[in-house]
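Notes follow once the structure below has been shown.
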Amino acid sequence: MVKHTVIARISDGLPLAASVDDDQNVEAELADYKNKAKLLFKKMNENSEERCSIESGSYFFHYLIQNGVCYMTICERSYPRQFAFSYLEELAKEFSMSYGNEVEKRTLRPYAFVKFDTFMQKTKKVYQNTRTQTNLDRLNTELNEVANIMTKNLENVLWRGEGLEKMSSLSDQLRYESQKYKKSARDLNWQLFRRKYGPIIQQQLVEIFFF
């Protein structure tokens, strides 16, 4: 079952739209997962996989990236992955037609396209019952299309991202320390040169002057 859906811009993780959850129990249950979704958006960039499933506890994050926009849904583990990605593809098609020309505007505020929830709710209902004939037909035709979609573990994704950030920070720090060391070494060598050869050069200059 599709529990929650959110759409965000890849370049900066700005949330563009999200489904409205009327059930307060669902809202409380998914609060932590929604926060994790925000972290995932911050980790994404133009090199991220276009389609991916990320497992975490009782749920899966399924996402689809198209034209600089990420469409992500949180589903129960038992929900067929084929339906999840078919659902996301329908959202991507409609969203692109409705708001594709506005996505990259720098003046956009968070959840600028909140009205898209109407379409998300309508589409979500179509995919709620996985046993309808239409969905069973869709399952059969799309079975092979999702076979190669990568599956990851959420904790590994977030930990790996944090590790890369720490390595980048450490690399910058080492580069700074190395440059500072080189400068100090140059200054020290110059001082030693002056102490060793300064008097000799000075004496030679005096002799040349009197000569």
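Worth a mention:
- Test: K34 is within 26 Å of T118 (Cβ to Cβ), over 20 Å from the mean Cα position of the chain (by Cα) and open to solvent by less than 60 Å² (accessible area, probe 1.4 Å): no
- Among all residues of segment 8-31, there is at least one that is open to solvent by 30 Å² or more (accessible area, probe 1.4 Å), of a type in the set (G, A, S) and either assigned to a strand (DSSP E or B) or in contact (Cβ under 8 Å) with a residue 40 or more places away in the chain (or both).
- Selection count where residues are outside any loop (DSSP other than H, G, I, E, B), open to solvent by 70 Å² or more (accessible area, probe 1.4 Å) and touching a residue at least 12 places away in the same chain (Cβ under 8 Å), scope segment 87-114: 2
- Here A84 fits the description: open to solvent by less than 30 Å² (accessible area, probe 1.4 Å), more than 14 Å from the chain's Cα centre (by Cα) and not polar (S, T, N, Q).
- Filtered residue count, segment 32-74, keeping only those that are aliphatic (A, V, I, L, M) and in a strand (DSSP E or B): 6
- Flag for Y79 being closer than 21 Å to A31 by Cα, out of contact with any helix residue (DSSP H, G or I) (no Cβ under 7 Å at 6 or more places or on another chain), assigned to a loop (DSSP other than H, G, I, E, B) and open to solvent by less than 60 Å² (accessible area, probe 1.4 Å): yes
- For Y127, the conditions (1) modelled with pLDDT of 60 or more; (2) within 22 Å of L40 (Cα to Cα); (3) surrounded by 15 or more Cβ atoms within 10 Å (Cβ to Cβ); (4) of a type outside the set (G, A, S) all hold with the exception of (2).
The values are calculated or read from the model by the stated rules, or taken from the named source; none is laboratory data. Model, not experiment: these values are computed from the prediction. In this analysis, Cβ positions are derived from the backbone assuming ideal geometry, glycine residues included, and neighbour counts consider all displayed protein chains. Heavy atoms of the whole protein, side chains included, go into the accessibility calculation; ligands, DNA and RNA do not. Shrake-Rupley method; radii C 1.70, N 1.55, O 1.52, S 1.80 Å.
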